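Peer 1: Supplied in structure tokens, the structure appears directly below.
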Amino acid sequence: MKTHHHEAPSHRVAPGAPLRERAPTARKAAPAATVTLPPLPYGEDALAPVISARTVGFHYGKHHKTYVDTLNKLVEGTELAGQPLEAIVKATAGKGDKTAIFNNAAQAWNHAFYWHCMTPAGGGEPAGALGEQLASAFGGFDKFRKEFSETAVAQFGSGWAWLVAERGRLKVVKTADAETPFVTGQTPLLTIDVWEHAYYLDYQNRRVDYVNALIDKLLDWEFAAENFART
Ligand SMILES: [Fe+2]
């Protein structure tokens, strides 16, 4: 009696056959889960007037969504399909033949992180352990604020400014294009997107005004403290 009549003859694998010959059977598995666009943690108008609903609408609904959609198309049918986003970023970082996948995966990760770095009634100074570390690492909150702002403004072209923890030490760093610090062992606590699409509709070329307003009015120090507590 045939028990495997549902399998095409070419899919039968003899005992001891090389593993790769089993691939056609493996591909019958359910489609791998795709990376999803996470919901915004607030309404599109919640960050106005610092960042308008129009900017958030384009930035989240077009730019961020496109990174996610493009990533899913690029990894479809590859060994990266179904992997968690962070794993895809780590697996493709620095790999010359995976640049497109890395760029879209890292941008998907960076944007998901960025939305959580802001909150409508944000800004001010962090308290607790993070506040103490910030004071000791930078010589006071005002000096941190200045360094974070200047670093964000100084990033030439598209990129990101970050507050990170590295081996217990706080640092301000910047990355170009889609680069993200967590692949080099730094733990991101906060970021500012300085791609023009983040501010151009509201501030045109005045990146410094966007950066300073975001720092002073939107930064979510509770989110940063949660990230710091996990380091
Ligand atoms: Fe962006």
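Peer 1: When you scan the range 109-129, how many residues do you find that are assigned to a loop (DSSP other than H, G, I, E, B) and within 16 Å of the ligand (Cβ to nearest atom)?
Peer 2: The number of residues fulfilling the criteria is 1.
Peer 1: Answer yes or no: is there a residue in the range 100-108 that is away from the ligand (no atom under 16 Å from the Cβ) and either surrounded by fewer than 14 Cβ atoms within 10 Å (Cβ to Cβ) or without any contact (Cβ under 8 Å) to a residue 24 or more places away in the chain (or both).
Peer 2: Yes: the range 100-108 contains one or more residues that are away from the ligand (no atom under 16 Å from the Cβ) and either surrounded by fewer than 14 Cβ atoms within 10 Å (Cβ to Cβ) or without any contact (Cβ under 8 Å) to a residue 24 or more places away in the chain (or both).
Peer 1: Continuing with the same structure: Sort out which residues of the range 60-69 are under 15 Å from the mean Cα position of the chain (by Cα) and not charged (D, E, K, R), and write them in order of number.
Peer 2: First, the residues of the range 60-69 that are under 15 Å from the mean Cα position of the chain (by Cα): 60, 63-69.
Matches in the range 60-69: Tyr60, His63, His64, Thr66, Tyr67, Val68.
Peer 1: How many residues does the range 195-228 contain that are surrounded by fewer than 22 Cβ atoms within 10 Å (Cβ to Cβ), within 22 Å of Phe156 (Cα to Cα) and within 16 Å of the ligand (Cβ to nearest atom)?
Peer 2: The qualifying residues number 8.
Peer 1: Starting from the range 67-85, keep only residues that are within 18 Å of Ala112 (Cβ to Cβ), then list their pairs with residues that are among the polar types (S, T, N, Q) and surrounded by 17 or more Cβ atoms within 10 Å (Cβ to Cβ) whose Cβ atoms are within a distance under 6 Å, requiring at least 6 positions of separation or different chains.
Peer 2: Between residues of the range 67-85 that are within 18 Å of Ala112 (Cβ to Cβ) and residues that are among the polar types (S, T, N, Q) and surrounded by 17 or more Cβ atoms within 10 Å (Cβ to Cβ), the close pairs are Tyr67/Asn104; Tyr67/Gln107; Thr70/Asn104; Leu71/Asn104.
Peer 1: So Thr231 clears everything in (1) hydroxyl-bearing (Ser, Thr, Tyr); (2) at pLDDT below 95; (3) within 16 Å of the ligand (Cβ to nearest atom) except one condition, right? Which one?
Peer 2: (3)
Peer 1: Looking for something closer than 18 Å to Leu214 by Cα and more than 13 Å from the chain's Cα centre (by Cα) - is there at least one such residue anywhere in the range 75-97?
Peer 2: Taking every residue of the range 75-97 in turn, none turns out to be closer than 18 Å to Leu214 by Cα and more than 13 Å from the chain's Cα centre (by Cα).
The values are calculated or read from the model by the stated rules, or taken from the named source; none is laboratory data. Nothing here was measured: the structure is a model prediction, and the numbers come from that model. Ideal geometry is used to build each Cβ from the backbone, glycine not excepted, and the neighbour counts take in all protein chains shown.
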